[in-house]
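The values are calculated or read from the model by the stated rules, or taken from the named source; none is laboratory data. Owing to the predicted nature of the structure, the values given are computational and were not obtained by experimental measurement. For neighbour counting, all protein chains shown are included, and Cβ atoms are generated from backbone atoms with ideal geometry for every residue, glycine included. Please note that ligands, DNA and RNA were not included when accessible areas were found on the heavy atoms of the full protein model with its side chains. Shrake-Rupley method; radii C 1.70, N 1.55, O 1.52, S 1.80 Å.
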Amino acid sequence: MGQSIEQLAEFVAATRCEDIPNAVRNHARLVLLDSFGVILAGSERPEVAALRRSWAAPTGAAATVYARGWPSQDARTAALLNGIAGRAIELCEGQRFYSGQAAIQVLPGVLALAQARRTTGRDLLTAFVLGYEAAARLCSVFTPRALAHQNGQACMLGAAAAGARVSGFDAAATSLAMRVATILLLTPSYTNAVAGATSLNVAGAMSSFVGVLAPDLVRCGFEAQPDAVEEALGQMVGAGFDAAHLVDELGTRWDILRNYFRLYACCNPIHPALDALAAVLRALNGPSAEDIERIEVATYRFASVMRNPDPPSFFASKYSLPHAAAVMVVRGDLSHAALDDSALRDPRIARLRSRVSVAEDPAMTAAAPRLRPARVTVTLKDGRQASHACDSHRGDFMQPFERSELDAKFRDLAGCVLSAEGVERAAAMIENLEAVADVHAALAALGAHARPVT
């Protein structure tokens, strides 16, 4: 087996909470807060609620499903359901320099296992940070195949490492959990997203499921080949895996600090164009949809393909730059509430979508992913015109959101499921997570503030 994989496993197994810098733990709590809010709001999506209702809770269920009524399930099922919810509304965080959404693939499994095992909040936070680090580092040296979406791929192995940490595994067992997990890696396509295929969200949630399952498989005696990670990511699922830099600056460079957050409830690559559009609309003093003759967008290749002016569903609309641009003009923002099902049926938004054009700029493509450039020009029917260009979007570690913006996002999303008091209690619990003596009791107590099932 590769030395780098073993070093990473040793790091996950042996690193203590006090070894993680305060700045990293503080930021990890913010990532946890943000992700928890996304899970709560995502639980309201109809397909997520229907799946939840179809699975009866077993006797003695030990983990919470974060939804109305605060139901319980076994840890694996809770991790899966919460993972699907977390992917359902396109508001989860991700890695800035490579494709991956570590938190929403690692956290649901960590929460479910920590609750089932009644661990401390300190242990939960440690496992989350270390699992995130493993996931992000694996993403950084992994080359995905063309069209591949990173749900259920490299991050799945980070989720398995996090589950091993919650389970108290040593380095050898942690390595085995990651290697066992490779047999479960998935091959989701970005085509699912633009087609509105919500099955893509199951792929991301399977990482959380495997985060609970892989430690069980190790405990029961399952084995894996020594080079399972290298072969799976480099030859089977992926197009390449170069472990030479996997453990560079391990323990001093923390990838959770190099993430991005989202306030726009749509696919991250189109956010720079939307930031540029917002600046143009301000420069033109907020024109109405009817005032606009056309909106022209130039951006890098990956964002430019998200140009369907007539998305067929809620989920597909998250991957349509013309739709998101029209919603911004008509509704004034792109929050979860603004970019909802009704936006697809809004005739003013539909009419404006057809006047949005999107094209690739090869020079911008050459600058990605170091930069994610976009340029937007809006021409009004009275002949006035304005343009704005940006190198990247707000929300990453180089142009971070204000903490107040992320707190407001959490309150809006968490309020879909929790009462106002429950939202504040959840935020306080996460802020003081290292003082929580029993994760099971703390999470279960939030159930008293959950909105009823309707």
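Considering only the stretch 52-61, I want to know if a residue exists there that is out of contact with any helix residue (DSSP H, G or I) (no Cβ under 8 Å at 6 or more places or on another chain), more than 14 Å from residue 104 (Cα to Cα) and not in a loop (DSSP other than H, G, I, E, B). The answer is yes; a qualifying residue exists.
Please go through the stretch 74-83 and pick out each residue that is part of a helix (DSSP H, G or I) and not β-branched (Val, Ile, Thr). Break it down into steps so the answer makes sense when it comes.
First, the residues of the stretch 74-83 that are part of a helix (DSSP H, G or I): 75-83.
Within the stretch 74-83, 75, 76, 78, 79, 80, 81, 82, 83 qualify.
Any residue that is in contact (Cβ under 8 Å) with a residue 40 or more places away in the chain and open to solvent by 50 Å² or more (accessible area, probe 1.4 Å) - is there at least one of those in the stretch 274-285? Yes. With respect to residue 130, is the statement that it is over 27 Å from residue 446 (Cβ atoms) and touching a residue at least 40 places away in the same chain (Cβ under 8 Å) true? Spelling it out, it is not the case that residue 130 is over 27 Å from residue 446 (Cβ atoms) and touching a residue at least 40 places away in the same chain (Cβ under 8 Å).
Summed over the stretch 53-79, the residues that are open to solvent by less than 20 Å² (accessible area, probe 1.4 Å) and under 18 Å from residue 151 (Cβ atoms) give a count of 1. Only one entry in 337, 350, 343, 363 is farther than 18 Å from residue 192 by Cα and in contact with a Lys or Arg (Cβ under 8 Å, 6 or more places away or on another chain), namely 343.
Only one of the numbered conditions (1) open to solvent by less than 30 Å² (accessible area, probe 1.4 Å); (2) free of Cβ contacts under 8 Å to residues at least 24 places away in the same chain is not met by residue 390, and that is (2). Taking the listed residues 282, 301, the one that is modelled with pLDDT of 95 or more and under 22 Å from the mean Cα position of the chain (by Cα) is 301, with no other qualifying.
From the list 111, 124, exactly one residue is touching a helix residue (DSSP H, G or I) at 6+ places or on another chain (Cβ under 6 Å) and either among the aliphatic types (A, V, I, L, M) or surrounded by fewer than 24 Cβ atoms within 10 Å (Cβ to Cβ) (or both). Which is it? Steps first, answer last, please.
Values: 111 fails: touching a helix residue (DSSP H, G or I) at 6+ places or on another chain (Cβ under 6 Å).
Sole residue among the options that is touching a helix residue (DSSP H, G or I) at 6+ places or on another chain (Cβ under 6 Å) and either among the aliphatic types (A, V, I, L, M) or surrounded by fewer than 24 Cβ atoms within 10 Å (Cβ to Cβ) (or both): 124.
Can you tell me how many residues within the stretch 393-419 are of a type in the set (Gly, Ala, Ser) and surrounded by fewer than 18 Cβ atoms within 10 Å (Cβ to Cβ)?
Within the stretch 393-419, the subset of a type in the set (Gly, Ala, Ser) is 395, 404, 408, 414-415, 419.
After this cut, where a residue has to be surrounded by fewer than 18 Cβ atoms within 10 Å (Cβ to Cβ) as well, the list is 404, 408, 415, 419.
Qualifying residue count, the stretch 393-419: 4.
For residues that are in a loop (DSSP other than H, G, I, E, B) and open to solvent by less than 10 Å² (accessible area, probe 1.4 Å), scanning just the stretch 221-253, find the one that is farthest from residue 23 (Cα to Cα). For the stretch 221-253, the residue satisfying everything is 238.
Scanning the stretch 291-324 for residues that are open to solvent by 20 Å² or more (accessible area, probe 1.4 Å) and part of a loop (DSSP other than H, G, I, E, B) yields a total of 7.
For residue 199, the conditions (1) touching a Pro at 6+ places or on another chain (Cβ under 7 Å); (2) of a type in the set (S, T, N, Q); (3) free of Cβ contacts under 8 Å to residues at least 12 places away in the same chain are fulfilled apart from (1).
Take the stretch 420-439 and flag every residue that is open to solvent by 30 Å² or more (accessible area, probe 1.4 Å), more than 24 Å from the chain's Cα centre (by Cα) and either under 18 Å from residue 64 (Cβ atoms) or acidic (Asp, Glu) (or both). Reasoning before the result, please.
Residues of the stretch 420-439 open to solvent by 30 Å² or more (accessible area, probe 1.4 Å): 420-421, 424-425, 428-429, 431-432, 434-435, 437-438.
With more than 24 Å from the chain's Cα centre (by Cα) added as a condition, the list becomes 420-421, 435, 437-438.
Passing the criteria: 421, 437, 438.
Each residue in the stretch 12-36 was checked for being in contact with a helix residue (DSSP H, G or I) (Cβ under 8 Å, 6 or more places away or on another chain) and closer than 23 Å to residue 96 by Cα, and 15 pass. How many residues, within the stretch 163-181, are polar (S, T, N, Q) and surrounded by fewer than 24 Cβ atoms within 10 Å (Cβ to Cβ)? Result for the stretch 163-181: 1.
Only one of the numbered conditions (1) at pLDDT 95 or above; (2) open to solvent by 20 Å² or more (accessible area, probe 1.4 Å) is not met by residue 194, and that is (1). Among strands (runs of 3 or more DSSP E) entirely within the stretch 346-454, having at least 2 residues that are among the small types (Gly, Ala, Ser) and farther than 23 Å from residue 43 by Cα singles out 356-360, 385-390.
Hey, could you check the stretch 197-210 for residues that are among the aliphatic types (A, V, I, L, M), open to solvent by 20 Å² or more (accessible area, probe 1.4 Å) and assigned to a helix (DSSP H, G or I) and say which is farthest from residue 317 (Cα to Cα)? Give the steps one after another, and end with the answer.
Within the stretch 197-210, the subset among the aliphatic types (A, V, I, L, M) is 197, 200, 202-203, 205-206, 210.
Adding the requirement that they be open to solvent by 20 Å² or more (accessible area, probe 1.4 Å) leaves 197, 202, 206.
Pick out the ones that are also assigned to a helix (DSSP H, G or I) and you get 202, 206.
On the way: 202: 18, 206: 23 Å.
This residue is 206.
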